[in-house]
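In what follows, a structure is listed as structure tokens, so that the remarks can point back to it.
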Amino acid sequence: MITLGVESTAHTFGISLIKDSQILCNLKNVFTTEQGGLIPNEVAGHHNKIKEELLEKALQETNLKITDINIIGVSTAPGLAPCLLVGLAFTKKLSKELNIPLIPVNHCIAHLEIGKSFTKATDPILLYASGANTQIIAYEGKKYRIFGETLDLGIGNFIDTIARGFNLGFPGGPKIEELAKKSKNYITLPYNVKGMDISLSGIQTNIISKINKEKIEDLCYSLQETVFAMLVEITERAMAHCNKNELILGGGVACNKRLQEMCLEMCRERNAKLFLLENQYLVDNAAMIAITAEKMFKVKKIYKEIDIYPKQRTDQVEIFW
Ligand code: AMP
Ligand code: MG
């Protein structure tokens, strides 16, 4: 069975073709800027422009014909409405023309499902640290529930806004990581853990107020040490609370080597296992949408009245697969 996965929730437009859970290709085209951030309509315009071309490239690379595709999965939630609409219109048209099922996938759950598929993890906690989302997710009582999250900004958006303050462009995370490597000078920053949750807006204001007063490398280093420690603290608390001893990471910020190192240290201390995926499966990608769609299709064949849900939460999704 060949599944086409389409990712279109934010900056990344992705196309993946998989055959019985094996990835045949995982292509993406990411909207980036030298200056400024994401303007939803501009990002949607980018996706619209490149969508056909990317599908064509995927078919060429895999030596498949469009008519070889048996099912289509598309990310319908959560995300930026203009971007979600591009993916939905594109896949609805394809599914109608090819007369094949279309399966709506929740993007956050797809990050977790690909983690489970590619590792030996059976009942993991997911630390999902991406641009817009920062959540600790685990399966409990028939749903993927959120055991901790940011109360305000997504960790990636937080990092990107600060990077804009440094004139580093978008995405800022990798540039901040490189600068952080050049310092070991910790500048005290607020530390905002509130129970199972974290808050980032106060820290953001604090760092921005220091931009012309401290060295950029020191600020990047201190930023990472502070906010990653907060993430690791709430992740550890969720693992203890749920009595789980497997951790997987997802989201673009999870590519950060310092965050991975801190997670590894925490897992070692509590005899838990950390499972890491290749970066291409941590960032927004269409392979995870295809993998999840395939799992869903095996249990339920027909999906009706498919729409976008920009603000859907993980625990609103019924897990039947
Ligand atoms: P996603 O939304 O999951 O695709 O992740 C995108 C976010 O990940 C953006 O906010 C990036 O700045 C951030 N990001 C990517 N690579 C890194 C990195 N090495 N360190 C920190 N953040 C990163
Ligand atoms: Mg994501």
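The values are calculated or read from the model by the stated rules, or taken from the named source; none is laboratory data. Keep in mind the model is a prediction, meaning the values are calculated, not measured. Cβ sites come from the backbone with ideal geometry, for glycine too, and all protein chains shown count toward neighbours. Note: accessible area is taken over every heavy atom of the protein model, side chains too, but ligands, DNA and RNA are not part of it. Shrake-Rupley method; radii C 1.70, N 1.55, O 1.52, S 1.80 Å.
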Residue check for LYS244: open to solvent by less than 70 Å² (accessible area, probe 1.4 Å), out of contact with any helix residue (DSSP H, G or I) (no Cβ under 7 Å at 6 or more places or on another chain), farther than 30 Å from VAL30 by Cα and not in a helix (DSSP H, G or I): yes
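Here is a check on your reading of the model: is ILE306 under 30 Å from ILE103 (Cβ atoms), assigned to a loop (DSSP other than H, G, I, E, B) and aliphatic (A, V, I, L, M)? If you could, list the steps in order and put the result at the bottom.
Values: under 30 Å from ILE103 (Cβ atoms): yes; assigned to a loop (DSSP other than H, G, I, E, B): yes; aliphatic (A, V, I, L, M): yes.
Criteria met by ILE306.
Yes or no, residue by residue, for (1) more than 22 Å from SER183 (Cβ to Cβ); (2) within 16 Å of ligand 2 (Cβ to nearest atom):
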position: GLU217; (1), (2): no, no
position: HIS241; (1), (2): yes, no
position: LEU249; (1), (2): yes, yes
position: LYS257; (1), (2): no, no
position: LEU264; (1), (2): no, no
position: LEU277; (1), (2): yes, yes
position: LEU282; (1), (2): yes, yes
position: MET288; (1), (2): yes, yes
position: THR292; (1), (2): yes, yes
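Residues SER21, SER16: which one is within 16 Å of ligand 2 (Cβ to nearest atom) and in the same structural domain as LEU102 (by TED's automatic domain parsing)?
Values: SER21 fails: within 16 Å of ligand 2 (Cβ to nearest atom).
Exactly one residue qualifies, and that residue is SER16.
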Among the residues listed as GLU265, GLU225, the single one being closer than 20 Å to ALA121 by Cβ, of a type in the set (Asp, Glu) and modelled with pLDDT of 95 or more: GLU265
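Evaluate segment 287-297: report whether one residue or more is part of a loop (DSSP other than H, G, I, E, B) and either out of contact with any helix residue (DSSP H, G or I) (no Cβ under 7 Å at 6 or more places or on another chain) or modelled with pLDDT under 95 (or both). If you could, list the steps in order and put the result at the bottom.
Narrowing segment 287-297 to residues part of a loop (DSSP other than H, G, I, E, B): none.
No, segment 287-297 has no match at all.
Check LYS215, LYS257 and return the single one that is within 16 Å of ligand 1 (Cβ to nearest atom) and among the basic types (Lys, Arg). It would help to see each step written out before you state the result.
Numbers: LYS215 fails: within 16 Å of ligand 1 (Cβ to nearest atom).
Within the list LYS215, LYS257, the selection yields LYS257.
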Filter result for ILE162 (within 16 Å of ligand 2 (Cβ to nearest atom), closer than 25 Å to THR9 by Cα and open to solvent by less than 30 Å² (accessible area, probe 1.4 Å)): no
Unmet criterion (only one of (1) open to solvent by less than 10 Å² (accessible area, probe 1.4 Å); (2) under 23 Å from THR314 (Cα atoms); (3) out of contact with any Cys (no Cβ under 7 Å at 6 or more places or on another chain)) for ILE71: (2)
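Looking at the structure I just gave you, is THR122 within 14 Å of ligand 1 (Cβ to nearest atom), surrounded by fewer than 24 Cβ atoms within 10 Å (Cβ to Cβ) and hydroxyl-bearing (Ser, Thr, Tyr)? Break it down into steps so the answer makes sense when it comes.
Numbers: within 14 Å of ligand 1 (Cβ to nearest atom): no; surrounded by fewer than 24 Cβ atoms within 10 Å (Cβ to Cβ): yes; hydroxyl-bearing (Ser, Thr, Tyr): yes.
No: the conditions fail for THR122.
Is it true that some residue in segment 294-302 is within 16 Å of ligand 2 (Cβ to nearest atom), closer than 17 Å to SER16 by Cβ and buried (at least 24 other Cβ atoms within 10 Å of the Cβ)? Break it down into steps so the answer makes sense when it comes.
In the first step, residues of segment 294-302 are kept if they are within 16 Å of ligand 2 (Cβ to nearest atom); the result is none.
Checking segment 294-302: not a single residue is within 16 Å of ligand 2 (Cβ to nearest atom), closer than 17 Å to SER16 by Cβ and buried (at least 24 other Cβ atoms within 10 Å of the Cβ).
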Hits in segment 19-43 (condition: more than 16 Å from ligand 1 (Cβ to nearest atom) and either under 22 Å from ILE103 (Cα atoms) or buried (at least 16 other Cβ atoms within 10 Å of the Cβ) (or both)): LYS19, ASP20, SER21, GLN22, ILE23, LEU24, CYS25
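I'd like the full set of residues that are farther than 25 Å from ASN63 by Cβ and either away from ligand 1 (no atom under 12 Å from the Cβ) or open to solvent by less than 10 Å² (accessible area, probe 1.4 Å) (or both), limited to segment 9-18.
So in segment 9-18, the residues farther than 25 Å from ASN63 by Cβ come out as 9-11.
The answer is THR9, and nothing else.
For residues that are among the aromatic types (Phe, Trp, Tyr) and within 13 Å of ligand 1 (Cβ to nearest atom), tally how many sit in segment 125-150. Write out each step before concluding.
Start the filter on segment 125-150 by keeping residues that are among the aromatic types (Phe, Trp, Tyr), which leaves 128, 139, 144, 147.
After this cut, where a residue has to be within 13 Å of ligand 1 (Cβ to nearest atom) as well, the list is 128.
Within segment 125-150, residues that are among the aromatic types (Phe, Trp, Tyr) and within 13 Å of ligand 1 (Cβ to nearest atom) number 1.
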Evaluation of THR91 against (1) open to solvent by 30 Å² or more (accessible area, probe 1.4 Å); (2) over 19 Å from the mean Cα position of the chain (by Cα) (one fails), failing number: (1)
